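What follows is a single structure, written as structure tokens, with notes after it.
The values are calculated or read from the model by the stated rules, or taken from the named source; none is laboratory data. Fair warning: this is a prediction, and the values are worked out from it, not measured in the lab. So basically every Cβ, Gly included, is an ideal-geometry build from the backbone, and we count neighbours across all protein chains shown. What goes into the accessible areas is simple: the full protein's heavy atoms, side chains included, and nothing from ligands, DNA or RNA. Shrake-Rupley method; radii C 1.70, N 1.55, O 1.52, S 1.80 Å.
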Amino acid sequence: MSLAENLQISNCSKLVENRGRAHDSSNNALDIDLVRGVSPLFRIESRRADQIIDQVRDAVSNWRQIATELEISRMQQNSMARAFSALFVGHN
């Protein structure tokens, strides 16, 4: 592994560690930023990472409607809402 690759991994590891400290159960908005931040570690360019994030957003954008059609209770839906919310924070 080259010095540049080692530095990149080190920087990504520090980003994950710092984001982990800033993250708490009441605020998951950092998750998407974390995904973008570590994408180079997986050799995914930022533009491609954004495309993947957009694809996931599209795939789950109507999750509540589908859950309702499957007769999943409102209480169960609400318990899952935070799992999806990070995808849509600050996204129009």
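Summary table below
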item: Residue identified as over 13 Å from the mean Cα position of the chain (by Cα), surrounded by 14 or more Cβ atoms within 10 Å (Cβ to Cβ) and modelled with pLDDT under 60 among 30, 7, 41, 15; result: 15
item: Residue, nearest to residue 88 (Cα to Cα), within region 47-70, restricted to residues that are open to solvent by 80 Å² or more (accessible area, probe 1.4 Å) and either at pLDDT below 90 or charged (D, E, K, R) (or both); result: 58
item: Scan of region 71-92 for residues that are open to solvent by 100 Å² or more (accessible area, probe 1.4 Å) and either in contact with an Asp or Glu (Cβ under 7 Å, 6 or more places away or on another chain) or outside any helix (DSSP H, G or I) (or both), ordered by number; result: 71, 92
